[in-house]
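Each remark here refers to the structure printed beneath this line.
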Amino acid sequence: MRYNTLRPLRSKRALSDDPLSLIANSNAGWTLCLAGQTEAAIQTLNKAIELDPNFPRTHFRLGFVYLTRGLHEQAIAEFQKAVQLSDGNPYYQASLANAYAVSGRTAEARELLKTLEARSAHQYVPAYGIALIYAGLNDKDHALQWLEKALADHSSSMAFAKVDPSLANLRSDPRFATLTQHLNF
């Protein structure tokens with residue numbers, strides 16, 4: 001499933017209105033990626049990094065683009081920067097763990113998963129992020145359980161569940177279809 005083609009147009013419009021906005025640049029790169037325009041996404045995100053190399057969200061989004069292109073080591077490096085610059089944002093850590101998992105570095109993915117699950121006992125850790133790790137590990141049962149929790153939490157990330165490339169291995173599972181049929185996006 002491709003992301004709505006109007007979304008990248010809206011992102012480009014936001015950029016033309018405020019080309020120095022880090023949020024607009026970061027979100028534009030992400031929506032371009034979801035629409036399958038990964039080269040344009042990389043260019044947009046690299047421009048944003050030139051504006052401010054210490055803005056963690058841009059590194060996070062660039063990691064996501066690299067991951068969708070199968071550039072695992074580049075993705076991991078960007079996610080690591082995002083984690084470091086954000087002082088350990090749990091969603092960024094979950095995305096790093098997902099990248100570790102899909103690149104075959106499962107021990108590192110499981111270690112971060114363990115850390116985040118322990119952290120969730122005393123601090124909010126996005127259920128959607130934990131689902132990403134399990135999806136990367138190809139543990140569909142746990143990934144779907146965590147997506148159910150994300151849905152129950154009214155996670156805004158669930159709006160992208162149908163198009164998030166990190167969840168592609170779950171889409172053939174009838175439970176995923178049942179879960180996402182409740183989304184009104």
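Read-outs: derived from the displayed coordinates by stated rules, not from any lab. These numbers come from a predicted model, not from an experiment. A quick note on method: Cβ atoms are made from the backbone with ideal geometry, for glycine too, and the neighbour counts reach across all protein chains shown.
At-a-glance table
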| item | result |
| --- | --- |
| (1) 54, 37, 27; (2) 42, 34, 30; (3) 52, 45, 30, with the label sought being that of the calculated Cα extents along the principal axes in Å | (2) |
| The chain: relative contact order as a whole-number percent, Cα under 8 Å and 6+ apart | 14 percent |
| Qualifying lysines (Cα of each under 25 Å from Cα of residue 81; at least 8 residues distant if same chain) | 47, 114 |
| Separation in nanometres of the label points that stand 7 Å from Cα toward Cβ, at residue 110 and residue 69 | 3.2 nm |
| Burial ordering of 69, 57, fewest other beta-carbon atoms within 10 Å first | 69, 57 |
| Vicinal HN-Hα couplings computed from phi for region 162-167 (Karplus, 6.51 cos²θ - 1.76 cosθ + 1.60; Hz; Gly/Pro x) | 6, 10, 5, x, 5, 10 |
| For region 59-113: relative contact order, % (alpha-carbon pairs under 8 angstrom, 6 or more apart) | 29 percent |
| Peptides 167-174, 34-41, 132-139, 118-125 ordered by average Cβ neighbours within 10 Å, highest first | 132-139, 34-41, 167-174, 118-125 |
